[in-house]
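A short worksheet on the structure shown next.
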Amino acid sequence: MRFLVFLLVSSALARDPVRTRKVMVVAQEPIATDVGVEILRKGGNAYDAAVAVGFALAVTYPSAGNIGGGGFALVRTARGESSFLDFREKAPAKATRDMYLDSKGQPTRESVIGWRAAGVPGTVRGLAMLHAKYGKLKWGQLLAPAIRLADRGFEVSYALARGLSSAGAKRMLSGFAESERLYRNGGKLFEAGDRMRLPELARTLKRIARRGPDEFYTGETARILAGEMARNGGLITGEDLRNYRAVERKPLVGNYRGHELIAAPPPSSGGIGMIHMMAMLERLDYAKAGLGSARHAHLLAEVMRRYYADRSFFLGDPDFVKIPLARLLSAEYAASRAGTIEPERATASSALDHGVIPPEESPETTHLSIVDGQGNAVSLTYTLNGGYGCGVTVPRLGFLLNNEMDDFSAKPGTPNMFGAIGGEANAIAPNKRMLSSMTPTIVTRNGKLLMVVGAPGGTRIITGVMQAILHVLDFKLNMQDAIDTPRLHHQWKPDTLYLERGWSPDTVAILERMGHKVQTGIASVANVHGILVEDQWLQGAPDGRTNGKAAGY
Ligand code: DON
C-alpha cells in the first residue's frame with residue numbers, strides 16, 4: 001500500500017524526460033523530430049539534422065516553421081568550439097523610420113499584418129551556412145524529407161488542426177487568398193487526421209535543393225517573390241534579396257555558479273539579459289530561495305524588471321548602434337543593479353529607468369535542440385514572429401512571410417505586439433536587423449557539454465530559458481521537470497508580474513503584499529525545449545505546454 005501511494009504521488013509531481021545514450025532531437029512538432037532522427041541514422045551530424053528539421057518544420061509547423069522568416073543557431077562542436085549564426089531578417093532598403101505611423105503619428109497594424117510587415121527572410125541563408133560550415137551530408141539529402149512531406153502530404157495532428165481553427169489563425173490568414181486556399185481544406189477547417197499537401201512549397205524546396213540557397217535569393221524564387229511584393233505594395237525588392245547575408249558572430253560567454261553559459265549576442269537581447277540577470281541572482285543567493293517560494297518569485301521579478309528597462313534603452317542591431325556590451329555585462333554593474341533590489345518590497349516600474357552604466361574607460365517562433373553521437377550540439381530558434389507571420393503566403397511559392405518588422409520600435413516608447421517598449425537603438429532603418437529576444441543557449445560544466453536549450457515566446461523567451469536552466473542548476477530537477485515547472489515573467493513595463501498556472505495561492509498572496517502587481521493563470525512563459533547531459537545519458541525534454549517531441553537512440 002505504501003509503495004502504491006509513493007508511485008501515485010511521484011507520477012503526479014514529475015515526468016521523466018526521454019533518455020537516450022547517443023543522440024537526441026527535441027523539436028516542437030513530432031514529424032519534424034523524426035526527420036532529425038532519420039538524418040542522424042543516415043550518418044548525418046547534429047548540424048545536418050538541424051537543417052533537415054528546420055526545413056521539415058517549414059512544412060509541418062506552418063505557424064512558425066519557415067523559409068520566409070529568420071533566426072539564430074548556436075553551435076558548439078565536440079571539440080568545444082562555439083559559434084553563433086545570425087540569419088535574422090533585415091529591414092528592406094526602402095524601409096523608413098516612420099513607415100508604420102499614421103498621419104497623427106500613431107502606430108498602425110501594418111507592422112503586423114500584410115505584405116509590408118515582412119523583413120527580408122534569412123532562414124535559407126542561415127540553414128545553408130550551418131550546412132556549409134558544419135554539415136557532413138549533401139544539401140539535397142537534408143531537404144529531401146521536407147520535400148517528401150510537402151509533396152506527398154502529411155497527416156494533420158490535433159495540435160495543428162486546433163491551431164489553424166484558432167481565432168488568431170483566422171485573423172491572420174483571412175483575406176490572403178493563397179493562405180486561405182492552402183490552410184483551409186477546400187474552404188472547410190482542417191481536422192485531425194486530414195492530409196495536408198503543399199505542392200507549391202514542394203516545388204520551391206525542390207529548386208532550393210537543386211540550385212542551393214542562391215535559388216531563394218537570386219533565382220526563380222527571388223524573381224517571383226520580388227514580383228509579388230511589387231504587385232501587392234510590399235517593400236522587398238530583388239536587390240534586397242540579392243544583398244541579404246547571414247552573419248557568423250562570436251557567442252557571449254558568462255558564468256553562473258561554476259557553469260559556463262554560451263549565449264546569444266546582439267541582435268539578440270537574450271544572451272546579455274540571461275548573463276546579467278543570472279549575475280544579479282548569484283549575488284542575491286537565489287539558489288537558496290526555495291523552489292516556488294515568494295522569495296524565489298520576488299528575486300526573479302526584480303532582476304527581470306531591471307534588465308528589461310535596460311533592454312529597451314540600450315539594445316538594437318550591433319551593426320547600427322554601439323552597445324556598451326562589456327559594461328552591461330560587468331560584475332560591477334550587476335552588483336550595483338542588484339543592490340537596488342529590496343528584499344521584501346517590489347520596486348515600482350514607474351520609479352525605475354534603465355541603469356546608469358559605468359563610464360567608458362578609454363528585446364510565434366519555434367526551437368530545436370540537437371546533440372549527436374560525437375557530442376556536437378546545436379540550439380536553433382527561428383521564427384515568422386507572430387503565428388503565421390504577416391498572414392501572406394506568396395502565390396506560386398507556397399510559403400508564409402514573416403512580420404518581423406514589428407520587432408522594431410515602430411514608435412520609440414510605444415509597445416509592440418509583445419508589449420515590449422523599444423528605444424532609439426531599435427528604431428527602423430534600411431537594412432537594419434530588428435532586436436530579438438530569441439535565446440538559443442548552451443551550458444557547459446568543466447568544459448563538458450551540460451545543457452542545450454532555447455524557446456519561442458516573444459519577450460518571454462529570455463526569462464523562460466533562464467528559469468529552465470536555473471531549475472536544473474539550483475533546484476536539481478531533471479530536464480523535463482525543469483521545463484514543466486511553472487514559470488513567471490516580468491518585463492519592466494507593463495508593471496505586471498505574470499505567473500503561469502500552478503503557483504501556490506499562498507505565494508501569490510505574499511507577492512501581492514510585497515507590492516507586486518500579479519496576474520495569475522498565464523498559459524505559458526515561453527515553450528522551452530532542452531537536452532541535459534547527465535551521467536552519460538541524454539535527457540530530452542519538449543516543453544509539456546506543447547505537442548513537441550524528444551527522440552533519439
Ligand atoms: O525575435 C523575437 O524576439 C520575436 N520575433 C520572437 C517571436 C516569438 O517568439 C513568437 N512566438 N511565440
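Annotations
- Positions within segment 428-457 being surrounded by fewer than 24 Cβ atoms within 10 Å (Cβ to Cβ) and either among the charged types (D, E, K, R) or within 8 Å of the ligand (Cβ to nearest atom) (or both), in sequence order: Lys432, Arg445, Lys448
- Among residues of segment 408-427 being open to solvent by less than 10 Å² (accessible area, probe 1.4 Å) and outside any strand (DSSP E or B), the one that is farthest from Met229 (Cα to Cα) is Asn426.
- Any hit, segment 350-363, residues being more than 14 Å from the ligand (Cβ to nearest atom) and either more than 30 Å from Asn255 (Cβ to Cβ) or not in a loop (DSSP other than H, G, I, E, B) (or both): yes
- Per-region count, segment 137-146, residues part of a loop (DSSP other than H, G, I, E, B) and surrounded by 16 or more Cβ atoms within 10 Å (Cβ to Cβ): 1
- Total residues in segment 136-164, condition of a type in the set (Gly, Ala, Ser) and touching a Phe, Trp or Tyr at 6+ places or on another chain (Cβ under 7 Å): 2
- Residues that are within 16 Å of the ligand (Cβ to nearest atom) and outside any strand (DSSP E or B) were ranked within segment 513-532; the one that is most open to solvent (accessible area, probe 1.4 Å) is Ala523.
- Evaluation of Gly386 against (1) part of a loop (DSSP other than H, G, I, E, B); (2) of a type outside the set (A, V, I, L, M); (3) more than 14 Å from the ligand (Cβ to nearest atom); (4) surrounded by 23 or more Cβ atoms within 10 Å (Cβ to Cβ) (one fails), failing number: (3)
- Extreme residue, farthest from Glu332 (Cα to Cα), among residues of segment 361-388 that are over 19 Å from the mean Cα position of the chain (by Cα) and at pLDDT 95 or above: Gly373
- Exclusive hit being under 27 Å from the mean Cα position of the chain (by Cα) and farther than 30 Å from Arg148 by Cα, set Arg245, Arg257, Arg295: Arg257
- Residues considered: Ala287, Ala346. Of these, the only one that is within 19 Å of Ile510 (Cα to Cα), at pLDDT 95 or above and open to solvent by 10 Å² or more (accessible area, probe 1.4 Å) is Ala346.
- Across segment 389-407, the qualifying residues are those that are part of a loop (DSSP other than H, G, I, E, B), under 14 Å from Ala58 (Cα atoms) and within 15 Å of the ligand (Cβ to nearest atom), and the one among them that is farthest from the chain's Cα centre (by Cα) is Leu401.
- Tally, over segment 515-545, of residues that are among the charged types (D, E, K, R) and under 13 Å from Ala455 (Cβ atoms): 2
- Any hit, segment 364-378, residues being under 30 Å from Ser165 (Cα atoms), more than 16 Å from the ligand (Cβ to nearest atom) and open to solvent by 20 Å² or more (accessible area, probe 1.4 Å): no
- For segment 245-271, filtering for residues that are in a strand (DSSP E or B) and closer than 28 Å to Val120 by Cβ leaves 7.
- Screening the candidates Ala222, Ala202 for the property of being in contact with a Gly (Cβ under 7 Å, 6 or more places away or on another chain) and either crowded, with 17+ Cβ neighbours inside 10 Å or not in a helix (DSSP H, G or I) (or both) yields one hit, Ala222.
- Boolean, Gly540 is surrounded by fewer than 19 Cβ atoms within 10 Å (Cβ to Cβ) and not in a loop (DSSP other than H, G, I, E, B): no
- Residue check for Glu155: touching a strand residue (DSSP E or B) at 6+ places or on another chain (Cβ under 8 Å) and open to solvent by 50 Å² or more (accessible area, probe 1.4 Å): yes
- Close pairs (7 angstrom Cβ cut-off, 6 or more residues apart or separate chains): closer than 15 Å to His367 by Cα and among the acidic types (Asp, Glu) in segment 521-548, within 13 Å of the ligand (Cβ to nearest atom) and open to solvent by less than 30 Å² (accessible area, probe 1.4 Å) anywhere: Asp543/Asn527; Asp543/Val528; Asp543/His529
- Strands (runs of 3 or more DSSP E) contained entirely in segment 10-116, each with at least 1 residues that are of a type in the set (Phe, Trp, Tyr) and surrounded by 20 or more Cβ atoms within 10 Å (Cβ to Cβ): 70-76, 82-87
- Test: residue in segment 495-512 that is modelled with pLDDT of 95 or more, under 19 Å from the mean Cα position of the chain (by Cα) and in a loop (DSSP other than H, G, I, E, B): no
- Thr20 vs. criteria away from the ligand (no atom under 16 Å from the Cβ) and farther than 25 Å from Arg197 by Cα: yes
- Inspection of segment 481-489 finds a residue satisfying the criterion of being open to solvent by less than 20 Å² (accessible area, probe 1.4 Å), within 16 Å of the ligand (Cβ to nearest atom) and farther than 29 Å from Asp48 by Cα.
- Count of segment 408-427 residues which are within 23 Å of Pro251 (Cβ to Cβ) and more than 14 Å from the ligand (Cβ to nearest atom): 1
The values are calculated or read from the model by the stated rules, or taken from the named source; none is laboratory data. All values reported here derive from a predicted model rather than from experimental measurement. Cβ coordinates were reconstructed from backbone atoms using ideal geometry, including for glycine residues, and neighbour counts include every protein chain displayed. Calculation scope for accessible area: heavy atoms of the full protein, side chains included, ligands and nucleic acids excluded. Shrake-Rupley method; radii C 1.70, N 1.55, O 1.52, S 1.80 Å.
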